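Every number in this text was worked out from the coordinates using simple rules, so none of it is lab data. Note that the structure is a prediction, hence the values are computed from the model and not measured. Cβ placement follows ideal geometry from the backbone for every residue including glycine, while neighbour counts extend to all protein chains displayed.
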Amino acid sequence: MPYVDGYLLPIPKRNLKAYRRIALIASKVWREHGALQYCEAAGDDLDVSWGLPYTKLLKLKRGESAVFAFITYKSRAHRDRVNAAVMADPRLKALCNPDKMPFDMTRMSMGGFKTIVCCAPAAPGTCRAAIGRKRPS
């Protein structure tokens, strides 16, 4: 089962284009070092009427939105190897100046996750539960 790093961060809407440029470079670096998938998504429908909306969770200010991102790996050990290579890559180091980031890094949240269900809609029959048995797609 894949291992997933997940990220959630607040970003001023005016900085989304600048953030996207950084994310495009970061996606290339992570994938070159072996990440299986790299995905970043900007908030579009955050005013939900149930649960804890991202707007409240992130304490979004006027003019801010959320970015939800995830990177998938073969396993946690694979993630650790990929991330070590990524963190040593000069392209990423050049991107990560805290004074020049288009969002407040102190309000960013991240963590590693063990996959419990994984379904790939583009590949029928690939839905798997954590126990490894195939599930119908």
Practice problem: Grab the Cα-Cα distance for Lys56 and Ala41, subtract it from 0.36 nm times how many residues apart they are, and report the gain in nm with one decimal. | Solution: 3.6 nm
Quiz prompt | Neighbourhood net charge (14 Å Cβ-Cβ; Lys/Arg +1, Asp/Glu -1) for Met87 | solution = 0
Practice problem: Go through [x] 33.0, 117; [y] 16.9, 56; [z] 16.4, 48 and flag the label whose value is the computed Rg and Dmax of the Cα atoms in Å for this structure. | Solution: [z]
Practice problem: Please work out how many pairs of lysine residues in the stretch 1-82 are eight or more positions apart (or on different chains) and have Cα atoms closer than 24 angstrom. | Solution: 9
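Fully extended, how many nm does the chain gain between Lys93 and Ala18 (0.36 nm per residue separation, minus their Cα-Cα distance)? Before the final figure, lay out the partial values.
Working: separation 75, 0.36 × 75 = 27.00 nm, distance 1.66 nm.
Contour length minus the Cα-Cα distance gives 25.3 nm.
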